[in-house]
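The block underneath contains the structure these notes are about, expressed in structure tokens.
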Amino acid sequence: MGKHISIIIPQDKLDEENYIIGQIKSGNRVDHFETQRRHKDGGLLMISVTVSPIKLQDGTIIGASKVARDITEIKRTAEALKQSESKWRTLTEAMPQLVWITQAEGPCIFLSRQWQGYTGKPEAELLGFEWLNFLHPEDRKRTEEAWAEAVADSADYDIDFQLRRHDGEYRWFKTRGVPLRDESGKITNWYGTCTDIQEQVDARRMAEAANHAKTEFLANMSHEIRTPMNAVIGLSEILAASQPLTPRQREFIDTLQLSAHSLLGLINNLLDITKIETNCVELEHIPFSLPELTREIVGIFSMQAQEKDIALNSSIAPEAHHTFLGDPLRIRQIITNMVGNAIKFTKKGSVTIAITTSPSSELHHVYLHVSVKDTGIGIASAQQAQIFDKFTQADMSITRKYGGSGLGLAISKNLAELMEGGITVHSVPGQGSEFILHLPLEYAQENKNILPITPRIDMPIHKQPVKIFSKVLLVEDYRANVLVATTILADLGYECDLASDGEEALAKIKAGRHVYKAVLMDVQMPVMDGFITTRAVREEEKRVGLPRIPIIGITAHALSGDRERCIEAGMDDYMSKPFNAETLKEKLTTITKNAVKAA
């Protein structure tokens, strides 16, 4: 008190203070100017000051009143925010992503500068919801719906969409956003990034195109291999049924059949690998019996085990004698591979199949365990992980000595995993191996019929006089397969007409529709393929009002979707090459009976 104000004014602020005093002496008020004052500890305070002159009634100025407010912390906070915003902008500008911030349920309040460079528009035009105009029209609706759902659920926002660039090109972006909350947990803003994923999308499309090309290539190769293979297997079966045969001729034919079926097995394995890699494996969910399945497998390998003087044993736990739901063909394929390997690599001793179950936490389910244990050569621990790789065996010496493509276990492992199971192996070199299949299975209702697991085994068709009871039109352009099919049809009692392409088939059907009980339609032919030909037949029937003639599609592709394509084209059934006499007989019998019922 009584001291001059200058004692608390920093030296560099005296001129400022003198200016304020001059304003007061002139009768002016000075509102809220910011300055500094010295603190008692020697530090400086930031203050906001309002100064007003004190006047007498006659207007004489006798002093001044000052109201000072300490704004030091406010200034520090403002500076910190300014620096934080500067760092934030520097950070977002250094990021490759497009950064955005929106209000809780309102428009965008921040877009990084990358948005301006990408769209060619200033920030003012992009704020609000105007940026949605840069979305591809096909993506706009689902993007807005996904955003509304994320806001409603207070959940993270994650979506892919296409954004239009300044040059008009659309590129794919992955957008992710998270809600920002205050101390009470209330959402105040949303923060997110848009990452350019066009290169990944292009790479995925290229990979899909490559997979499609590979599938097409393998389908064509399958056709080219299976078509002559059908002739080889078919003619060998016809020769095997011929009488009389010398022992030497019988040996030749048996060797021919064995070699042909081995080659067909390799082709099927390659196709299975392709189906697995392209996610084209379709699993059945039908009732089947484990005891029946086991009996079939033992029957397949019993002769082979006897020839090697190996004991082939099997046991099934009582709890495994239920009816289960699953894919019996694929399960049999896995177990068959395991048993086949066990016999192949066992010189003496035994191979034992043991089937047990264990409880599952899921209602009406159980875990199946199929153990195939042998007393064979065994596998070193370092090599056990490799045996499930494609085209791999334990070592090259085994490949040379025992043969094999190294595909069986790889396919079995993948099939087990597709069925949500797996295969484990325990082995000691020189003592033997144990492979165990683990699968979750569902109990079937006891009143469900158990479907046959495999087609019936062919019995030789002995030539004998037969009565011709119907005529079939065979549409086939490969001469060797014509010979096989006509021979089998004759042995089954069918008379056969031939057509080498679709146009010839249409003409013969039109001229002799009332004569043919069925049409065997090769799918891949010159001029008109089987699909086009079948559609033309069905259109003619519909147009004229003719009864439906049964058509069985025959294809050498044997890939996933072939049967569906045949049915979609209007065929009544489907067979893959190579086919056998028993299958053809069943198909013809069933299809002609159905045709009679429909009539």
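The values are calculated or read from the model by the stated rules, or taken from the named source; none is laboratory data. Note that this is a predicted model, so its numbers are computed, not measured. Glycine also receives a Cβ, built like all others from the backbone with ideal geometry; neighbour counts cover every protein chain displayed.
Numerical summary
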quantity: Residues that are among the hydrophobic types (A, V, I, L, M, F, W, C) and either within 23 Å of Gln116 (Cβ to Cβ) or surrounded by fewer than 16 Cβ atoms within 10 Å (Cβ to Cβ) (or both), drawn from region 147-177; calculated: Trp147, Ala148, Ala152, Ala155, Ile159, Phe161, Leu163, Trp172, Phe173
quantity: One residue from Leu368, Leu363, Leu329 being assigned to a loop (DSSP other than H, G, I, E, B), hydrophobic (A, V, I, L, M, F, W, C) and either free of Cβ contacts under 8 Å to residues at least 12 places away in the same chain or within 18 Å of Ile423 (Cα to Cα) (or both); calculated: Leu363
quantity: Which numbered condition Leu368 misses (of (1) surrounded by fewer than 19 Cβ atoms within 10 Å (Cβ to Cβ); (2) farther than 19 Å from Gly432 by Cβ); calculated: (1)
quantity: Checking Glu216 against (1) crowded, with 16+ Cβ neighbours inside 10 Å; (2) within 22 Å of Asp529 (Cα to Cα), the condition it does not meet; calculated: (1)
quantity: Single unsatisfied condition, Leu283 versus (1) over 23 Å from Val428 (Cβ atoms); (2) of a type in the set (A, V, I, L, M, F, W, C); (3) at pLDDT 90 or above; (4) outside any helix (DSSP H, G or I); calculated: (3)
quantity: Cβ pairs under 6 Å, 6+ apart, first in region 27-49 and in a loop (DSSP other than H, G, I, E, B), second polar (S, T, N, Q); calculated: Arg29/Ser52
quantity: Test: residue in region 487-504 that is buried (at least 17 other Cβ atoms within 10 Å of the Cβ) and farther than 28 Å from Met229 by Cα; calculated: no
quantity: Matching residues in region 581-596 - criterion: being within 13 Å of Gly234 (Cα to Cα) and either touching a Pro at 6+ places or on another chain (Cβ under 8 Å) or surrounded by fewer than 19 Cβ atoms within 10 Å (Cβ to Cβ) (or both); calculated: Glu582, Thr583
quantity: Some residue of region 299-310 being under 24 Å from Ile379 (Cβ atoms) and in a strand (DSSP E or B); calculated: yes
quantity: Residue in region 167-196 that is nearest to Trp100 (Cα to Cα), counting only those that are out of contact with any Phe, Trp or Tyr (no Cβ under 7 Å at 6 or more places or on another chain) and charged (D, E, K, R); calculated: Lys174
quantity: Any hit, region 233-249, residues being among the small types (Gly, Ala, Ser), within 18 Å of Lys577 (Cβ to Cβ) and not assigned by TED's automatic domain parsing to the domain that holds Phe579; calculated: yes
quantity: Any hit, region 130-144, residues being hydroxyl-bearing (Ser, Thr, Tyr), buried (at least 17 other Cβ atoms within 10 Å of the Cβ) and part of a strand (DSSP E or B); calculated: no
quantity: So Val515, is it over 29 Å from Ile225 (Cβ atoms) and over 32 Å from the mean Cα position of the chain (by Cα); calculated: yes
quantity: Test: residue in region 334-356 that is of a type outside the set (S, T, N, Q), in contact with a His (Cβ under 9 Å, 6 or more places away or on another chain), within 23 Å of Ser302 (Cα to Cα) and modelled with pLDDT of 90 or more; calculated: yes
quantity: Residues located in region 476-493, provided they are under 13 Å from Pro578 (Cα atoms) and of a type in the set (S, T, N, Q); calculated: Asn481
quantity: The lone exception for Glu224 - which of (1) touching a His at 6+ places or on another chain (Cβ under 9 Å); (2) within 28 Å of Met525 (Cα to Cα); (3) surrounded by fewer than 14 Cβ atoms within 10 Å (Cβ to Cβ) it fails; calculated: (1)
quantity: Region 426-446, residues that are surrounded by 17 or more Cβ atoms within 10 Å (Cβ to Cβ) and over 26 Å from the mean Cα position of the chain (by Cα); calculated: Ser427, Gly432, Ser433, Glu434, Phe435, Ile436, Ala444
quantity: Sole residue being under 30 Å from Val281 (Cβ atoms), modelled with pLDDT under 90 and out of contact with any helix residue (DSSP H, G or I) (no Cβ under 6 Å at 6 or more places or on another chain), chosen from Gly561, Gly530, Gly512, Gly493; calculated: Gly561
quantity: Residue in region 233-253 that is closer than 29 Å to Val281 by Cα, surrounded by 19 or more Cβ atoms within 10 Å (Cβ to Cβ) and touching a helix residue (DSSP H, G or I) at 6+ places or on another chain (Cβ under 9 Å) present; calculated: yes
quantity: Unique match (being surrounded by fewer than 20 Cβ atoms within 10 Å (Cβ to Cβ), in contact (Cβ under 8 Å) with a residue 12 or more places away in the chain and in contact with a strand residue (DSSP E or B) (Cβ under 8 Å, 6 or more places away or on another chain)) among Gly553, Gly512; calculated: Gly512
quantity: Region 182-199, residues that are touching a strand residue (DSSP E or B) at 6+ places or on another chain (Cβ under 8 Å), closer than 30 Å to Gly117 by Cα and of a type outside the set (A, V, I, L, M, F, W, C); calculated: Thr188, Asn189, Tyr191, Gly192, Thr193, Thr195, Asp196, Gln198
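To keep it simple, each residue is scored yes or no on (1) of a type in the set (Gly, Ala, Ser); (2) at pLDDT 85 or above; (3) on the phi < 0 side of the Ramachandran plot.
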{"residue": "Tyr118", "(1), (2), (3)": "no, yes, yes"}
{"residue": "Trp131", "(1), (2), (3)": "no, no, yes"}
{"residue": "His136", "(1), (2), (3)": "no, yes, yes"}
{"residue": "Arg142", "(1), (2), (3)": "no, yes, yes"}
{"residue": "Ala146", "(1), (2), (3)": "yes, yes, yes"}
{"residue": "Asp158", "(1), (2), (3)": "no, yes, yes"}
{"residue": "Phe161", "(1), (2), (3)": "no, yes, yes"}
{"residue": "Cys194", "(1), (2), (3)": "no, yes, yes"}
{"residue": "Phe217", "(1), (2), (3)": "no, no, yes"}
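Yes/no matrix, rows are residues, columns are (1) in contact with a Cys (Cβ under 8 Å, 6 or more places away or on another chain); (2) touching a residue at least 24 places away in the same chain (Cβ under 8 Å); (3) among the basic types (Lys, Arg):
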{"position": "Gln162", "(1), (2), (3)": "no, yes, no"}
{"position": "Lys174", "(1), (2), (3)": "yes, no, yes"}
{"position": "Thr188", "(1), (2), (3)": "no, yes, no"}
{"position": "Cys194", "(1), (2), (3)": "no, yes, no"}
{"position": "Ala207", "(1), (2), (3)": "no, no, no"}
{"position": "Leu239", "(1), (2), (3)": "no, no, no"}
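Conditions (1) aromatic (Phe, Trp, Tyr); (2) surrounded by 12 or more Cβ atoms within 10 Å (Cβ to Cβ); (3) at pLDDT 80 or above, marked per residue:
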| position | (1), (2), (3) |
| --- | --- |
| Leu56 | no, no, yes |
| Ala64 | no, yes, yes |
| Lys75 | no, yes, no |
| Trp88 | yes, yes, no |
| Leu91 | no, no, no |
| Gln97 | no, yes, yes |
